[in-house]
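Have a look at the structure below before the remarks.
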Protein chains: 2
Amino acid sequence: MSKYCFGIDVGGTTVKCGLFRTDGTLEDKWEIVTRTEDSGSKILPDIAKTIEEKMASKNIKKEEVDGVGIGVPGPVNDKGDVLCAVNLYWGYKELSRELQELTGLPAKAGNDANVAALGEAWKGAAAGAKNVILVTLGTGVGGGIIVDGKIVSGHHGAGGEIGHASVMHGEEEACNCGNRGCLEQYASATGIVRMAKKELESSKEDSKLRLETEISAKAVLDAYKDGDALAVRVMNKVGDILGGALAIFATVTDPEAIVIGGGVSKAGQPLIDCISKHYKKYAFSACKETPIMTASLGNDAGIYGAAKMVIK
Amino acid sequence: MSKYCFGIDVGGTTVKCGLFRTDGTLEDKWEIVTRTEDSGSKILPDIAKTIEEKMASKNIKKEEVDGVGIGVPGPVNDKGDVLCAVNLYWGYKELSRELQELTGLPAKAGNDANVAALGEAWKGAAAGAKNVILVTLGTGVGGGIIVDGKIVSGHHGAGGEIGHASVMHGEEEACNCGNRGCLEQYASATGIVRMAKKELESSKEDSKLRLETEISAKAVLDAYKDGDALAVRVMNKVGDILGGALAIFATVTDPEAIVIGGGVSKAGQPLIDCISKHYKKYAFSACKETPIMTASLGNDAGIYGAAKMVIK
């Protein structure tokens, strides 16, 4: 084990960078712009350059660095090849090999949600757990599966694509992925708003949500916390679908902890209680007490998980 | 790597034993009786004795043996402790440690369905695949998840308990586990019979199944293959539920292959086609072409998987 490692989290607008000690201490954190022009061909050279500059400024030698881990928004297989990353304008790319060549350091790559799951399992909400399911509730629903302390990337790089588990077979509206009834259609911020709008349309019942000009997931969750009957009904449906889905996922890998991340998770304990109540209803006996908790690393989960990937 | 290893598969009435070369060649196969008296305290000593005798008769030295793997009908955690195994009259037991002490050989333990999955991923239907989901359709529905060539035993030893994924939330009848709507209630042999009986009761429609005095899963599957309209309807429901469940499981670990084992899988390709048709309908795009295949090792899957666990 060397002294340092780098964790890189590539988003569509910025690249988050972290310099870590291999014990998990975050030494330094900074961002660079994601230059997506020319089919995103500048992104990796920019990353290599910022790492080189950081090492020079801190007087860190290559021998002191375990490597560079990188998370990207797209499917990554277990060889570290990204299959495509539309927001970065990338097609198929031997990501870990290219980054290794550009930096002269060992490199490993993973899907961003998977990498965030590893971060939460390493130093976040589920610190120390070897077996974790992370679900991120944001604009969409992402996920990451950790088994034996490692990311499950899957045969097609689709490990942890639990947002596209088809859990409601009667659904009429289509998901962005083309299927119908995906978890994402109910439990994402967008899904929560969709569910609330349907509920508002189906009745004339009074609700705080009728005062909103543009309903947001936060407004639904705030109304839920305030006991607004309609919002409670909406969140009970969301909790039933999400809790039920988590109970199914738990029969696959039987995790030590289930971590809820993403913007929606800012609703905190009331959301967790709502999901847990429904989860327990459906969970297999051995898994009924598996704790469900909010993520704790926020936007840093990606750089933590990326760094963890390369520690020897 | 040594020359030999042993694979042991403990059932309620017999213990299947295999002597393997570490390249996967089955050298010898035999059975002993499972002596469940005295809280099953004779089972492990009997296994140690038969291994010792086999080694003596073949003139095999301890240094030539990688170890003994054992699969048992009950949850086993990743330390190799069995939490309980009702059919063997065992409570909590440090299984791999005890077997190691009794044999003087390295020992590893796993749940029987998980171990069978490893066998199929090693030398069976999915030979060479590192990432596999096995579902066994027998009296119940069992399962085994292989990730990166290893069994996912899970935090409570419940990894792969996919038979108890609660997939039909409206179900009124209870599963043996106490929950309602478990996959096992529809896709096991018992489940198929239950579904057929319901279908027969709900109509007066002609069907070959009305000629049976006691309906079996085999009779339903035979009638399905013959194009019996009522049996086709039953198997379409079963296929829809099972295919839909497999599509959800596939979003978790994104396997290279899905293997169907157990007695029901003897129905062969027509059953696979039925499951695949519904699986494709619900699967996430990246996983739609994941092959679904019948297990090929039959009752030997357990000894193969058990042996594989200990190969260095």
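The values are calculated or read from the model by the stated rules, or taken from the named source; none is laboratory data. As the structure is a computational prediction, the values presented were derived from the model and not from experiment. Heads up, the Cβs are rebuilt from the backbone with ideal geometry, glycines too, and the neighbour counts pull from every protein chain shown. Just the protein is used for accessible areas: all its heavy atoms, side chains included, with ligands, DNA and RNA removed. Shrake-Rupley method; radii C 1.70, N 1.55, O 1.52, S 1.80 Å.
Data table
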item	result
Qualifying residue in region B:255-262 (condition: assigned to a loop (DSSP other than H, G, I, E, B), within 14 Å of chain A (Cβ to nearest Cβ) and open to solvent by 30 Å² or more (accessible area, probe 1.4 Å))	yes
Selected residue (criterion: farthest from the other protein chains (Cβ to nearest Cβ)) from residues of region A:122-144 that are in a loop (DSSP other than H, G, I, E, B) and farther than 26 Å from A:Ala174 by Cβ	A:Gly124
Tally of residues being out of contact with any Leu (no Cβ under 7 Å at 6 or more places or on another chain), charged (D, E, K, R) and modelled with pLDDT of 95 or more across region B:181-205	5
Residue count for region A:270-289, restricted to those that are open to solvent by less than 20 Å² (accessible area, probe 1.4 Å) and either touching a Leu at 6+ places or on another chain (Cβ under 9 Å) or of a type in the set (Asp, Glu) (or both)	6
Qualifying residue in region B:173-192 (condition: part of a loop (DSSP other than H, G, I, E, B) and buried (at least 24 other Cβ atoms within 10 Å of the Cβ))	yes
Residues that are more than 8 Å from chain A (Cβ to nearest Cβ), open to solvent by less than 10 Å² (accessible area, probe 1.4 Å), without any contact (Cβ under 8 Å) to a residue 40 or more places away in the chain and of a type in the set (Val, Ile, Thr), drawn from region B:230-254	none
Residue check for A:Ala267: in contact (Cβ under 8 Å) with a residue 40 or more places away in the chain, buried (at least 22 other Cβ atoms within 10 Å of the Cβ), more than 14 Å from every other protein chain (Cβ to nearest Cβ) and farther than 26 Å from B:Gly159 by Cβ	yes
Odd one out for A:Glu161, checked against (1) open to solvent by 20 Å² or more (accessible area, probe 1.4 Å); (2) more than 12 Å from chain B (Cβ to nearest Cβ); (3) touching a helix residue (DSSP H, G or I) at 6+ places or on another chain (Cβ under 9 Å)	(2)
Test: residue in region B:206-216 that is under 28 Å from B:Val259 (Cβ atoms) and away from every other protein chain (no Cβ under 14 Å)	yes
Hey, B:Thr13 surrounded by fewer than 16 Cβ atoms within 10 Å (Cβ to Cβ), at pLDDT 95 or above and among the polar types (S, T, N, Q) or not	no
Some residue of region B:37-54 being closer than 17 Å to B:Leu297 by Cα, out of contact with any strand residue (DSSP E or B) (no Cβ under 8 Å at 6 or more places or on another chain), of a type in the set (S, T, N, Q) and surrounded by fewer than 18 Cβ atoms within 10 Å (Cβ to Cβ)	no
Test result for B:Glu64, surrounded by fewer than 20 Cβ atoms within 10 Å (Cβ to Cβ) and in contact with a Ser or Thr (Cβ under 7 Å, 6 or more places away or on another chain)	yes
Enumeration of residues in region A:101-129 that are of a type in the set (D, E, K, R) and at pLDDT 95 or above	A:Glu101, A:Lys108, A:Glu120, A:Lys123
Residue in region B:168-181 that is touching a helix residue (DSSP H, G or I) at 6+ places or on another chain (Cβ under 6 Å), within 14 Å of chain A (Cβ to nearest Cβ) and not hydroxyl-bearing (Ser, Thr, Tyr) present	yes
Residue within region B:111-121 that is at the interface with another protein chain (Cβ under 9 Å from one of its Cβ atoms) and open to solvent by less than 10 Å² (accessible area, probe 1.4 Å) present	no
Residue among A:Ala48, A:Ala85 that is touching a helix residue (DSSP H, G or I) at 6+ places or on another chain (Cβ under 6 Å), in contact (Cβ under 8 Å) with a residue 40 or more places away in the chain and among the aliphatic types (A, V, I, L, M)	A:Ala48
Qualifying residue in region B:291-302 (condition: modelled with pLDDT of 95 or more, part of a helix (DSSP H, G or I), among the hydroxyl-bearing types (Ser, Thr, Tyr) and at negative phi)	no
Residue check for B:Val147: in contact with a helix residue (DSSP H, G or I) (Cβ under 8 Å, 6 or more places away or on another chain), touching a residue at least 60 places away in the same chain (Cβ under 8 Å), within 14 Å of another protein chain (Cβ to nearest Cβ) and open to solvent by less than 40 Å² (accessible area, probe 1.4 Å)	yes
Among residues of region A:125-140, those that are open to solvent by 10 Å² or more (accessible area, probe 1.4 Å) and either basic (Lys, Arg) or farther than 17 Å from A:Ala250 by Cα (or both), counted	7
Failed condition for B:Lys312, given (1) surrounded by fewer than 19 Cβ atoms within 10 Å (Cβ to Cβ); (2) within 14 Å of chain A (Cβ to nearest Cβ); (3) modelled with pLDDT under 95	(2)
Any hit, region A:193-216, residues being surrounded by 24 or more Cβ atoms within 10 Å (Cβ to Cβ), in a strand (DSSP E or B) and in contact (Cβ under 8 Å) with a residue 24 or more places away in the chain	no
